[in-house]
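One structure is given below, encoded as structure tokens.
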Ligand code: C2E
Ligand code: MG
Ligand code: MG
């Protein structure tokens, strides 16, 4: 028998539900045999036992039996068209049982209706038939215990009772036997029922187990499949990651390479002079230190050659800066070619070059210098031009002339200056007699580094008076340095050092700010202050901004500030200074041409300079007394023509004053009127300022003979 009612989902229904359905299925599976058996047996019974008289009553019974079987057959046909899986098991059992019990009832009617009409043999045959039918039903109807028992009891008991109530002893015996048989049938039906239902249950449970296992297998398969997919995804993402890592590694390697190149380029930039590609100052100094260390161990000497091009300024002025740059590059090329390997070459600044090389003695060093000088004197091919340069070379030797790299460079520098003094285009070895100058200079250089921070710098103010009234018109701010060991140091000595070491900008800015601040506090707001500005400051390119900052910080009106510059400001390279002073003049600041006559200026181009006042140098004033006033008169008439005012510096005597006044000098500055006075005394000075031309100021009364500027400054009482 094929089990039905299997759910697609398998485990959604209980085992009992399925077993009930199986029981119904089993009942219907055997129904056909039962129906046919009932129909056939009943027909044969009637045909064999029915007496010829009264047969029609038997036929009626048979008809009833056939109708019942026909109905059961119809039910069986309908059963086959039921829904396979979802039919209601208990209801079907009931429906089947109704048909079977109807059949049993018809069978039960037979003994009640006909036994008394039949002879004993026929009765016995009928009873046996009933028992056989009942015993057949015990297995066929086993799926429903109630039905199986009811069927057997219904079939046997009425016949047995009829037999028991019959008069014959045989009938009674048969009736009793039948009853007993019925009991046996009941018991065997029970056993058959239990075994068949047990088998069904076992089948269902097995099926469930199989389903369950199947589900688990499928789940495992699905999980495995998911696992496979996940594995594949993992492998793909691993691959992707690996590719990315490779890409990133390549990128990083590239970045590192670029950084290294960048760092290298930066290091190159930081260590070389961009124009010539030679070492810059820092690198040269470092390498020189290494050369000295090696020389010390190898017991050899190191020569430092300080080269300065003599005619570079003219080349720049005449042929332009581009050619100037090419000349510097060509000079670097010549040096590189002519100097032995192992030597260090640097561009020290402007047109200055340094060479450091190991040498056996000073003759060898002089030979190298001579050779370089000659090589540089060869014509240089610059584009289509030929340019000749001349070099002055100073030579210093380690350890003879100096023991540190800084001293060695300075010694070579000193030797070069000495060479220049003696005449350009020379080679000069450092003279130990110059060593003390050098030490002096070095000490000043060191001291100057801290002078501002230690507040050793101050300003003195020297009045500039109106020639006609003698009244103070302005003060010149003059820088003072009180060295802790050396006392007062003249600006003539330390300003050039500040210019060379690059400290001039910081110092000059301080002077500007301090002078403006002092002037802003003076009681007379018409008095101007003049400040000396060095070329080096102008070349930094920040003068306008620095002046504006000083004015803003002090609150001084621009017309009260005047700047003193020298003619060198407008020479060669410095020609770009002119627009700066034009711009300052446009702001109301007056420009004074200081030390006029000592420079290279010719009177001819004075008119083109952006200046308002000429300050005739002290040397002219002194010389005039001796040599006459022709030069001063020429200057005065030119100044008048150009609309410029003239101040005479260094006026020490009344004779000088009177003569100059008569010739048209409008302002005086000099010891006759006052020495430079400390800032704190300016106010008192202004209060007792006497318009009388013959006023005897304390300074005038303590007038001391003119010495050199340096000696003078060291002895100036007001500054002590
Ligand atoms: P300078 O600008 O020509 O200043 C005039 C110099 O002559 C001052 O010397 C002053 O003391 C001196 N002097 C004035 N009257 C007489 C006189 O009747 N007889 C004599 N024998 N000398 C007189 P000082 O102060 O030593 O300044 C020297 C130079 O230093 C100045 O010359 C100026 O070129 C420079 N200097 C001074 N202060 C500064 C500054 O703040 N910045 C810059 N860049 N240079 C300055
Ligand atoms: Mg001056
Ligand atoms: Mg001067």
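Using beta carbons and a limit of 7 Å, which pairs, at least six apart or on different chains, have the first residue in the range 533-556 and on the phi > 0 side of the Ramachandran plot and the second one modelled with pLDDT of 95 or more and in a helix (DSSP H, G or I)?
Matching pairs, first to second residue: 555/520.
Given the residues 529, 538, which is the only one that is over 27 Å from residue 673 (Cβ atoms) and either within 16 Å of ligand 3 (Cβ to nearest atom) or buried (at least 20 other Cβ atoms within 10 Å of the Cβ) (or both)?
Unique residue meeting the criteria: 538.
Do you know which residues across the range 192-222 are surrounded by 13 or more Cβ atoms within 10 Å (Cβ to Cβ) and in contact with a helix residue (DSSP H, G or I) (Cβ under 9 Å, 6 or more places away or on another chain)?
Hits for the range 192-222 are 192, 193, 196, 197, 200, 201, 203, 204, 205, 207, 208.
Restricting to the range 518-561, name every residue that is within 13 Å of ligand 2 (Cβ to nearest atom) and under 50 Å from the mean Cα position of the chain (by Cα). Full working, then the answer.
Filtering the range 518-561 for residues within 13 Å of ligand 2 (Cβ to nearest atom) gives 529-534.
Once the filter is applied, which keeps residues that are within 13 Å of ligand 2 (Cβ to nearest atom) and under 50 Å from the mean Cα position of the chain (by Cα), the range 518-561 yields 531, 532, 533, 534.
Is it the case that residue 436 is surrounded by fewer than 19 Cβ atoms within 10 Å (Cβ to Cβ) and part of a strand (DSSP E or B)?
no
Could you say whether any residue in the range 460-475 is more than 16 Å from ligand 3 (Cβ to nearest atom), without any contact (Cβ under 8 Å) to a residue 40 or more places away in the chain and either outside any strand (DSSP E or B) or in the same structural domain as residue 522 (by TED's automatic domain parsing) (or both)?
Checked the range 460-475: no residue is more than 16 Å from ligand 3 (Cβ to nearest atom), without any contact (Cβ under 8 Å) to a residue 40 or more places away in the chain and either outside any strand (DSSP E or B) or in the same structural domain as residue 522 (by TED's automatic domain parsing) (or both).
Residues checked against (1) within 15 Å of ligand 2 (Cβ to nearest atom); (2) surrounded by fewer than 21 Cβ atoms within 10 Å (Cβ to Cβ):
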{"residue": "588", "(1), (2)": "no, yes"}
{"residue": "594", "(1), (2)": "yes, no"}
{"residue": "598", "(1), (2)": "yes, yes"}
{"residue": "606", "(1), (2)": "no, yes"}
{"residue": "612", "(1), (2)": "yes, yes"}
{"residue": "616", "(1), (2)": "yes, no"}
{"residue": "621", "(1), (2)": "yes, no"}
{"residue": "633", "(1), (2)": "no, yes"}
{"residue": "662", "(1), (2)": "no, yes"}
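Taking only pairs six or more apart or across chains, which ones have beta-carbon atoms under 6 Å, a first residue in the range 350-379 that is more than 17 Å from residue 333 (Cβ to Cβ) and assigned by TED's automatic domain parsing to the domain that holds residue 335, and a second residue that is at pLDDT below 90 and not in a helix (DSSP H, G or I)?
Final answer for the pair search is 358/300.
Looking at the range 656-681, which of its residues are in a strand (DSSP E or B) and either within 16 Å of ligand 3 (Cβ to nearest atom) or not assigned by TED's automatic domain parsing to the domain that holds residue 625 (or both)?
First, the residues of the range 656-681 that are in a strand (DSSP E or B): 667-668, 677-678.
Those that are in a strand (DSSP E or B) and either within 16 Å of ligand 3 (Cβ to nearest atom) or not assigned by TED's automatic domain parsing to the domain that holds residue 625 (or both): 667, 668.
Here's a check for you: in the range 293-319, which residue that is buried (at least 18 other Cβ atoms within 10 Å of the Cβ) and touching a helix residue (DSSP H, G or I) at 6+ places or on another chain (Cβ under 6 Å) is nearest to residue 364 (Cα to Cα)?
Top of the filtered list is 303.
Would you confirm whether or not the range 144-163 contains a residue that is assigned to a helix (DSSP H, G or I), under 23 Å from residue 201 (Cβ atoms) and at pLDDT below 90?
no
For residue 461, all conditions in the list (1) within 17 Å of residue 689 (Cβ to Cβ); (2) more than 16 Å from ligand 2 (Cβ to nearest atom) hold save one; what is the number of the exception?
Result: residue 461 passes all but (2).
Return the pair list, or none, for Cβ contacts closer than 7 Å from residues in the range 21-43 that are free of Cβ contacts under 8 Å to residues at least 24 places away in the same chain to residues that are part of a helix (DSSP H, G or I) and surrounded by fewer than 22 Cβ atoms within 10 Å (Cβ to Cβ), at least 6 apart or on different chains.
The qualifying pairs are 43/62.
Among the numbered conditions (1) surrounded by 15 or more Cβ atoms within 10 Å (Cβ to Cβ); (2) within 30 Å of residue 685 (Cα to Cα); (3) away from ligand 3 (no atom under 16 Å from the Cβ), tell me where residue 447 comes up short.
Failed condition: (2).
Taking residue 483 and the conditions (1) under 24 Å from residue 687 (Cα atoms); (2) in contact with a strand residue (DSSP E or B) (Cβ under 7 Å, 6 or more places away or on another chain), which numbered condition does it fall short on, given that it satisfies the others?
Residue 483 satisfies all of (1) under 24 Å from residue 687 (Cα atoms); (2) in contact with a strand residue (DSSP E or B) (Cβ under 7 Å, 6 or more places away or on another chain) except (1).
The values are calculated or read from the model by the stated rules, or taken from the named source; none is laboratory data. Quantities reported herein were computed from a predicted structural model and do not represent experimental measurements. Neighbour counts run over all protein chains shown; Cβ positions are idealised from the backbone, glycine included.
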